[in-house]
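First up is the structure itself, then whatever we jot down about it.
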Amino acid sequence: MWKFLKKLFGIEDPPPPRRTTYHSSSSVSTWPSPPSPAPAPPPPPPSFSAPEPVPEPEPEPLWSSLELVSAPQHGKTSFLWALSFMARKLGLVWPEYVFWPQDDTTDESFRSMLRTMDHRELPAEATPSSQLRLSLRGMERWGDRRLFVEEGRDPVFGAVAEDGVSQREFNWGVPVCWLMSLPDLGTEDSQFVDLQLDNLIRTRMRSARSYEGEPLRLVVALSKADRIPNLPRELREYLKIDPLAAVVKAETALSEMGVEPDRPVLHFDSKAVQLYLETLWGVHETIADWLRTTLTGSLLARRADAHQISLRFCLISATGSDLRSNGHLAIPWRPRRVLDPLFWALELGCR
Amino acid sequence: MRLEAVHLDPTGFPMIRVPGAHVFVHCLPVTKVQFEHFLCDATDGHFDARWYDVALRLNPRVSARRIWRGNYWNAFLSGVLPAEAERFAAWCGTGYRLLRTSEWERLYRTLDMGSTASSLAETGLLSQLAPRQRELITQIERAVEDACEQSGDPCYLVERMLLRLGLLEWVSIEGSNPSLWAGLGEPHPAFCGNLFVPARGDLIQPAEEESSRLASFGFRLAFDPTMVQKDR
């Protein structure tokens, strides 16, 4: 199967220790154009209180990947749509950036998704399994990657086969994004999230990889954050004021006026990326502090510490609002901060 | 901040004069209590019991004593179309109309930047009201205070008058925009998830604004006294 997928995706030499099979999975994966070198040693933990100089980009991009897990109805498909949409728009901020679907099937799927978004439609509750394979070239700081978006079974929260074993193979060697919609938890039980994390860890431990050798790197993305009623004001402001979303909005406004921007509207250079990541780190800390004020958050942090999990928090809103009419959005999609989980994955994936 | 000029609409709810403008504006979005006065008078068949049932399905009713931070938006009339809001304005009398975008934004800026009142009572707004109106407004204000405390938001007049954490409010668009109507406001996230920034003129223009009922859309009215003088 791997040989087939390699041929299908045009992968020549992925590093053996990081090999994974994207089979019947639910994942967002990025990996560099082949050939790839062996992974570099982990960088020191970021210290954003005293910003360090931006490290020189690696001569060859590193293998990097993000696996996605989510309970049903926590906004996974909307997130994947919004992520693909925004990944396409990065050319507005990176002058060297090129984006393209890798094959005709992906091209058609991608166009179909864009048409659907353009009509303000939302994903159906039971979205058929779909795949998107995109090439992302010339990203500041991270270089070239391929973004592989596939939706199917979820090994942690999704359907489990009759024999009790999840059907999909999961790449536990890469950062895992846990998409969690606080407004949709559907319970007042403070231990619910803790038990879900326990479930995730157990699933990880059942995998063939050594947990001690490769502890979990977990990005907890709070989805549907526009609906969280007690979200601290600074986090809500962070979502509202998304510079990348503002660039997309500016481009749309220019297009409507018949003006084509001839250069990136905003230059997201190495300094800007570093600043963005510093802000991202600050947001992570603010979310962690906020969650720790609740029993749910304390339990989550305690278990993460006990299992030496590298935990990163971020928050996203795929649609930007919940203004609906007859199953459609009443206003256009306005994705906010949906690239943050990908940025975290690219950073954590360098380890 | 004490509001010197207060005007009561035909249902006894207060309107304040916007500083720098000659119009009065409802202190809160129009409530179901106000609209029910109009429904009792409406005789053309459009605003019948079925119409109100649809509105209540979108945003249920709540009595003043049961209002709290998790449902205070139920006190307001929403799911209303712009033309229907205009009908209510016409029923209120000469000089009443929906706000224009510039008026709404000016009110927002004034209350956001210039207000230091710690309660609506402090502004003198409530002193002229009948008990029923006073109780409803007071309960809503308490609920908003709680909601602000929960999220760590400040609770200034812009929140107390629900230009923030209230509804999306229909306003008439000025200038060359092809649409006639848009929404301005920032509803409470538990009522309608959103990241709207009304302070930056974030006009919300739903598709089919003339025909689609949206639970989070309500309105408040402006009253222009000069129109009454002209009418005479």
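The values are calculated or read from the model by the stated rules, or taken from the named source; none is laboratory data. The structure presented is a predicted model; accordingly, all values stated were derived computationally and were not measured. We place every Cβ from the backbone using ideal geometry, glycine too, and count neighbours over all the protein chains shown. Accessible surface is based on the protein model in full, side chains and every heavy atom, while ligands, DNA and RNA are left aside. Shrake-Rupley method; radii C 1.70, N 1.55, O 1.52, S 1.80 Å.
Annotations
- Partner chain coverage, peptide A:319-330 - average Cβ within 10 angstrom: 6
- The mean of 1/r over all distinct Cα pairs in region A:173-231, once inverted, gives the Kirkwood hydrodynamic radius of 13.1 Å.
- Net charge, B:Pro82 excluded, C-beta distance under 9 Å - Lys, Arg +1, Asp, Glu -1: -4
- Inter-chain Cβ neighbour count for B:195-206, averaged per residue, equals 4 (cutoff 10 Å, partner chain atoms only).
- Each of B:His22, B:Pro189, B:Ala121 was scored by the projection of its Cα onto the charge dipole of region B:6-231, and the greatest displacement toward the positive side belongs to B:Ala121; charges sit on the C-beta of Lys, Arg, Asp and Glu.
- Under a Gaussian network description of chain B, with springs only between Cα atoms under 10 Å, the residue in B:Leu167, B:Leu58, B:Leu195 that fluctuates furthest is B:Leu195.
- A simple spin-label model places pseudo-atoms 7 Å from Cα toward Cβ; at B:Ser211 and A:Asp198 they are separated by 5.4 nm.
- Over region A:298-351, relative contact order from alpha-carbon pairs under 8 Å, at least 6 apart, %: 30
- Accessible-area value, B:Ser212, 1.4 Å probe, nucleic acids and ligands omitted, Å²: 10
- Mean per-residue shielding of peptide B:211-221 is 2, counting Cβ atoms of other chains within 10 Å of each Cβ.
- Relative contact order, percent, chain B [alpha-carbon distance under 8 Å, six or more residues apart]: 29
- The apolar share of the surface of region B:6-231, taken as the fraction of accessible area on carbon and sulfur atoms (1.4 Å probe, ligands and nucleic acids excluded), comes to 49 percent.
- Accessible surface buried upon A-B contact (total; probe 1.4 Å; Å², nearest 100): 1900
- The residues of region B:6-231 have, on average, 40 Å² of accessible surface per residue, using a 1.4 Å probe with all protein chains present.
- Accessible area per residue (1.4 Å probe, heavy atoms of protein chains only) ranks B:Phe88, A:Phe157 as A:Phe157, B:Phe88, with the largest value leading.
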